[in-house]
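The values are calculated or read from the model by the stated rules, or taken from the named source; none is laboratory data. On a predicted model such as this, the values are computed, not experimentally measured, just so you know. Glycine gets a Cβ as well: all are built from the backbone with ideal geometry, and neighbour counts include every protein chain shown. Each accessible area value is taken on the protein alone, full model and side chains, heavy atoms only, with ligands, DNA and RNA left out. Shrake-Rupley method; radii C 1.70, N 1.55, O 1.52, S 1.80 Å.
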Amino acid sequence: MKKILLLLILAIATINSHAQRMDDVATHSKYIQAVDEYRPAPGQYVNDVPAYEDGDTEADMISKCNKSVAGKSILDTDAHLVALGGWGGYITFHFDHSIANVPGERDFAVWGNAYQEMKNLVFGGMNEAGVVMVSKDVNGNGKPDDPWYEISGSCDVDSVGKVIYGYEITYRQNPMGNIPWTDNQGNSGTIDRNHYHPQEYYPQWLPDNLTFKGTRLPDNMLNLSDKVEQAWSPYYYVLVGFRYGYADNLPNFTDNADVTSFNYEGCGIDIGWAVDENRQPVNLDFVDFVRVYTGLNQKCPQPEWWGETSTEFAGAEDIHLDASLQAIKNALSGIQSIHQEASGAESFYDLQGRKVTPTKKGIYIQNKKKVVIK
């Protein structure tokens, strides 16, 4: 027997603001409002970008991330990078409104510090691709605890058989030493220390045995030592870019000499690329939270070059702010008009305003009130 619990005096507008979020602010921003989670994997920039201080908690480190990227353009002089460490380390953030899925267009951009070099030899140069995930605040609690969906990038079609889905890795503490890891593929290795970064590499505010799960992208390191000569090293390595769908994968600008020509095509994410855990497309009209995690587990074999591949996060932007806000207003108006026309108290609607017959647990709208069916 389904139990229907009528929640006290909740107007329809309140419900809609959860389904499609739009904060009551004078001016909406196309930049992220706040960081919700910061859980990096070990890495040479961890505890330094941003800097850890003795006694800092997870909340303190999230606050430092906010000072680096929240409300900022990548052109702002007080904007700074946030390091995600080795494979799996992640950051979660939200805007002051839901991001609308505009059909056939990139919806938001994720900025990093990738750059292009040797255009005659490679596509990219220093590209440390991060996997992007999105979530909609279906339960309306303002927290990133609803189902997550991965953005399916170009590796899913360009590197079939080389992507590892359901990858899992665990890191263990080893104070001021190389950080050991093991994965669910029977492999093990280390995040190695170097003389460039003398601080502890394991995130000091997080517990031992950090475990991450997700998708591992194929290695993208190329050894061009036989093609490029230089005085300071006999070696030359690059990290090639993937075509689309990842963070810190392609340069932020279409031309590094022109920092006003943003690379929305290369760094932009289409919500329409989202897939579920079975890699099947999902139809999301809006998203409220975005997560980025390091998608590569590799390191350079030569210590004088870089160490582990680590995604860096430099902020994000709603590419079509006006379209997002208008879509939210249209959605709110649509649901309200449906309820004005509804005459029967027994009619139920989902949070998108569609008339339904409840067949499972969830939040519905009946007679202009929110109901929870348990």
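Overview of results
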{"item": "Heavy-atom accessible area per residue - region 243-336, 1.4 Å, Å²", "result": "38 Å²"}
{"item": "Cα→Cβ-extended label distance, 7 Å offset, between residue 105 and residue 277, nm", "result": "3.4 nm"}
{"item": "Percent carbon-and-sulfur accessible area, region 78-196, ignoring ligands, DNA and RNA, probe 1.4 Å", "result": "51 percent"}
{"item": "Region 141-241: trypsin sites (Lys or Arg not before Pro) in DSSP coil with no more than 16 other Cβ atoms inside 10 Å", "result": "162, 172, 227"}
{"item": "Environment charge at residue 276 (Cβ cut-off 14 Å; Lys +1, Arg +1, Asp -1, Glu -1)", "result": "-2"}
{"item": "DSSP-assigned coil residues among chymotrypsin sites (Phe, Trp or Tyr not before Pro) in region 177-281, each with at most 13 further Cβ atoms within 10 Å", "result": "196, 232"}
{"item": "Alpha-carbon centroid distance for the pair region 55-83 / region 224-291, whole angstrom", "result": "21 Å"}
{"item": "Computed label-point distance, nm, for sites residue 182 and residue 254 using a 7 Å Cα→Cβ extension", "result": "5.0 nm"}
{"item": "Summed residue charge, Cβ within 11 Å of residue 217's Cβ, Lys/Arg positive, Asp/Glu negative", "result": "-2"}
{"item": "Carbon + sulfur, % of accessible area of region 206-304 - ligands and nucleic acids excluded, 1.4 Å", "result": "49 percent"}
{"item": "Nearest-0.05 FRET efficiency for residue 75 and residue 123, computed from C-beta distance (R0 25 Å)", "result": "0.50"}
{"item": "Average accessible area per residue (Å²) across region 47-128 - probe 1.4 Å, nucleic acids and ligands excluded", "result": "39 Å²"}
{"item": "In nm, spacing of pseudo-spin labels at residue 223 and residue 168 (7 Å Cα→C-beta vector)", "result": "3.4 nm"}
